[in-house]
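Report on the following structure.
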Amino acid sequence: MSTATQGGPGLPQERRLVTEIPGPKSRELFARKQSAVPSGVGTTLPVFVTQAGGGVVVDADGNSLIDFGSGIAVTSVGNAAPRVVERVQKQVADFTHTCFMVTPYESYVAVCEKLNALTPGDHEKRTFLVNSGAEAVENAVKVARNATGRQAVVVFDHGYHGRTLLTMTLTAKNMPYKHRFGPFAPEVYRAPLAYPFRWPTGPENCADEAAAQAIDMINKQIGAENVAAVVIEPIAGEGGFIEPAPGFLPKILEFCKANGIVFIADEVQTGFARTGDLFACEHEGIVPDIIVTAKGIAGGLPLAAVTGRAELLDAVHGGGLGGTYGGNPLACEAALGVLETIEEEKLVERAGHIGDVMLSRLNSFKERFAIVGDVRGRGAMVAIELVQPGTKEPNAAATAEIARRCHAEGLLALTAGTYGNVLRFLPPLVISDELLEEGLSILENAIAGVA
């Protein structure tokens with residue numbers, strides 16, 4: 001199965017290396033970046049992109065690289081999806097901004113209507129739009145605290161929720177997200193996550209034991225009656241694409257329902273067909289009280305959303321929610337184009353197919369290479385965890401070297417994980433099968449060279 005070419009007229013869907021990676025023009029631009037941009041703004045692969053679409057990115061030197069990153073799950077429908085481009089081009093000629101809180105426009109309402117209809121659950125919902133995943137998470141917590149009159153928020157090991165003060169506090173990993181940026185926000189508590197590969201008594205016990213420990217911690221250390229919200233990623237993203245053991249999320253949701261706690265699903269990275277469902281919650285039938293989305297929502301334009309039970313969101317006083325740029329009309333039109341593309345090109349099913357192809361190849365690597373400790377994920381959101389052979393000791397050095405070799409051969413691959421030892425793969429859902437297989441072969445050679 002292949003998909004249509006994207007990315008402007010005649011952008012070839014092929015890997016093409018005409019210089020070393022990065023090439024001379026990219027190196028020149030990177031030198032400019034170093035003198036103009038703080039070093040704290042890191043770069044995974046310093047190739048400067050001039051065009052992208054389908055399954056490739058083209059750099060300033062004319063190299064065409066296979067994209068297994070999608071801008072960290074943002075360009076799931078491609079970097080230049082025709083429906084997105086058409087809608088944005090029309091909108092930019094009409095007007096670029098009015099501020100929805102001053103003089104509104106229909107596209108904002110249309111996006112909210114779509115999300116109310118598409119997100120899990122058939123209860124009455126409300127949606128409002130902001131700029132980023134972190135901003136959406138913060139607002140979801142505001143809504144939960146307002147509705148419950150409580151303050152405590154529970155998050156989980158290996159979770160990532162953003163870089164603002166509150167979301168940095170919610171995030172588990174110190175380096176690089178929290179290091180020397182404290183003090184952090186109060187009333188945030190962390191519970192164990194059901195991490196099957198690393199659960200001490202084995203994956204078969206993981207869901208029950210992790211849920212019991214989390215609930216015990218909440219009851220003893222906080223008091224369930226003091227908890228406003230539980231915030232969790234259905235698949236932990238930056239933490240290493242950790243898929244909680246089956247049954248864990250339903251147990252946490254059941255506890256929340258029994259104790260009046262708002263269950264917030266952070267689907268910033270997992271949403272919009274990425275995992276083979278429109279939303280990752282659907283895999284276990286989870287219906288969150290609030291669902292937070294961003295990244296893949298608008299094809300690369302800044303947009304995020306908070307969607308939740310009408311009684312929760314309507315409880316906030318007038319003027320308590322919003323922001324100057326939230327739901328910018330260009331981003332709203334892009335989002336409508338993304339949703340059309342997902343439906344018309346059947347990208348939910350496409351993500352499932354990509355997952356089948358990738359997991360089959362990655363599991364074969366696990367059988368052959370002792371440094372591949374775990375293969376996991378769903379749909380087009382999959383990962384491998386690298387270990388010291390014969391152990392579960394994290395192997396961050398091998399992970400970095402494999403990524404470097406992939407980059408040198410024209411495959412854009414990302415790392416992740418609490419221990420820095422996970423290679424995560426987020427190909428565009430419109431990538432062709434040919435590019436997908438070629439990328440996996442590059443990865444295989446890189447692992448073989450390191451192993």
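Quick notes on this structure:
- Pairs where the first residue, in the stretch 74-101, is among the aromatic types (Phe, Trp, Tyr) and the second is in a loop (DSSP other than H, G, I, E, B) and surrounded by 13 or more Cβ atoms within 10 Å (Cβ to Cβ), C-beta under 9 Å, 6+ apart: PHE95/TYR105; PHE100/GLY322; PHE100/GLY326; PHE100/GLY327; PHE100/ASN328
- Cross-chain or 6+ apart pairs with Cβ under 7 Å, the stretch 346-370 first and part of a helix (DSSP H, G or I), then among the polar types (S, T, N, Q) and modelled with pLDDT of 95 or more: LEU347/THR341; ALA351/THR275
- Residue list for the stretch 267-302, restricted to those being buried (at least 24 other Cβ atoms within 10 Å of the Cβ) and either within 18 Å of MET217 (Cβ to Cβ) or in contact with a His (Cβ under 6 Å, 6 or more places away or on another chain) (or both): none
- Residues in the stretch 417-443 that are in a loop (DSSP other than H, G, I, E, B) and of a type in the set (A, V, I, L, M, F, W, C): LEU426, LEU429, VAL430, ILE431.
- Residue among GLU284, GLU254, GLU267, GLU204 that is over 28 Å from ASN421 (Cβ atoms) and among the charged types (D, E, K, R): GLU254
Residues checked against (1) in the same structural domain as GLU385 (by TED's automatic domain parsing); (2) among the charged types (D, E, K, R); (3) modelled with pLDDT of 95 or more; (4) in contact with a Phe, Trp or Tyr (Cβ under 6 Å, 6 or more places away or on another chain):
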residue: GLN151; (1), (2), (3), (4): no, no, yes, no
residue: VAL154; (1), (2), (3), (4): no, no, yes, yes
residue: ALA172; (1), (2), (3), (4): no, no, yes, no
residue: ASP208; (1), (2), (3), (4): no, yes, yes, no
residue: GLU225; (1), (2), (3), (4): no, yes, yes, no
residue: PRO246; (1), (2), (3), (4): no, no, yes, no
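Okay, residues lined up against (1) assigned to a helix (DSSP H, G or I); (2) over 19 Å from the mean Cα position of the chain (by Cα); (3) not β-branched (Val, Ile, Thr):
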site	(1), (2), (3)
LYS25	yes, yes, yes
PHE30	yes, yes, yes
LYS33	yes, yes, yes
PRO46	no, yes, yes
VAL58	no, yes, no
GLY71	yes, no, yes
SER76	no, no, yes
THR96	no, yes, no
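- Residue that is surrounded by fewer than 15 Cβ atoms within 10 Å (Cβ to Cβ), under 27 Å from the mean Cα position of the chain (by Cα) and part of a loop (DSSP other than H, G, I, E, B), where the choices are GLY62, GLY42: GLY42
The values are calculated or read from the model by the stated rules, or taken from the named source; none is laboratory data. Remember, predicted model here, so these are calculated numbers, not experimental data. Cβ coordinates were reconstructed from backbone atoms using ideal geometry, including for glycine residues, and neighbour counts include every protein chain displayed.
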